[in-house]
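Okay, so here's the structure we're looking at.
The values are calculated or read from the model by the stated rules, or taken from the named source; none is laboratory data. As the structure is a prediction and not an experimental result, all values here were calculated from the model. In this analysis, Cβ positions are derived from the backbone assuming ideal geometry, glycine residues included, and neighbour counts consider all displayed protein chains. Side chains included, ligands, DNA and RNA excluded: accessible areas come from the protein's heavy atoms. Shrake-Rupley method; radii C 1.70, N 1.55, O 1.52, S 1.80 Å.
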Amino acid sequence: GVGWLGHSRALVADGLHSLSDLASDTAVLFGLSVAARPPDASHPYGHHKAASLVTLGIGAAIVVFCLVLGIDAIRGLQSGDARVPHYPTLGVALASLVVKEFLYRRTRRVGEETGSRLILANAWHHRTDSVSSLVAAAGIGAAIWLGPEWAFLDALAGVLLAAWLAVEGMRLLRSAVDDLMDAAPGQALVDDLREHILPVEGAVAYHDFRARRVGDRVEVDFHLLVPPELNVEEAHGVARRVKREMLARHPEVLSVLVHVEPALPEHHRERGYTGGSLDAPPEAG
């Protein structure tokens, strides 16, 4: 409202962006509540991908907003319809910048503490808000202080906002699509998960290790080779210890599926990993 009354396209765009945040925050709350539902007959693997769907929606909303903002700002530049914004618009833009930066830092802290990629995605949405307010304030301030011949800077700020926010929106879209396509988590996490297998007593080797993102969480499965002289109960005891160790050290892991095999040459794979207790298979990576 202040942007409209104060003749600032940049502040109107910033206000519309804030309005879109309200919708995205509502979507985040919905996604978290759905993801927390237990598995049922129709969804035996749970509802955790709801978080990825909501992240997809947030990214799409940002991209759509950027298109609307960019088209309007470019039209303003082409038509030469640029008036010097009023001083209250600068004050509102600066106040908005402070509030949004606080929200970004607070939301990011919660996302890191809980390991929630959905909350982290929303935190970065708050950061885009901060940047949009900063660019709006810069364009408004320049237009006010430099005079009427520089009033176009207000509209130019809108174009810059659209370009920058489009990059952020596409980044969120790519992340959500990767999750929905069962993409593997980062290599650092995969390597860390693997490190908890062979140190467990009775774990001789493993192969076919896989990990995938499921919303905010990670699912793991692999084949574990144990000494062939163990009985079924003892072999599964080794698998339980490996699983317990992995879950204890990585709260972001939702489930670990271990397929137990005897440590015989025919069960080894070229891409497997061994603790070095057998002569048959070479280590491979």
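Below, the figures for the structure above:
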{"item": "Three-way shape call for the range 42-125 based on the alpha-carbon gyration tensor, with the a/c threshold at 1.5", "result": "oblate"}
{"item": "Accessible carbon and sulfur surface of the range 1-121 relative to its total accessible area, %, 1.4 Å", "result": "68"}
{"item": "Label-point gap, in nm, between V232 and R210 - each point 7 angstrom along Cα→Cβ", "result": "2.5"}
{"item": "Euclidean distance of C-alpha centroids, the range 205-269 and the range 23-67, integer Å", "result": "30"}
{"item": "Order by protection proxy (mean Cβ within 10 Å, highest first), peptides 144-156, 58-70, 5-17", "result": "5-17, 58-70, 144-156"}
{"item": "Kyte-Doolittle at least 1.6, axis length at least 18 Å by Cα - qualifying DSSP helices, the chain", "result": "50-79"}
{"item": "Gaussian network model of the chain, springs between alpha carbon atoms under 10 Å - residue of L173, L22, L165 with greatest fluctuation", "result": "L22"}
{"item": "Where the chain is the region considered: accessible area per residue in Å², 1.4 Å probe", "result": "53"}
{"item": "Global geometry of the range 140-255, whether rounded, prolate or oblate, following the gyration tensor of its Cα atoms and the 1.5 cut on a/c", "result": "prolate"}
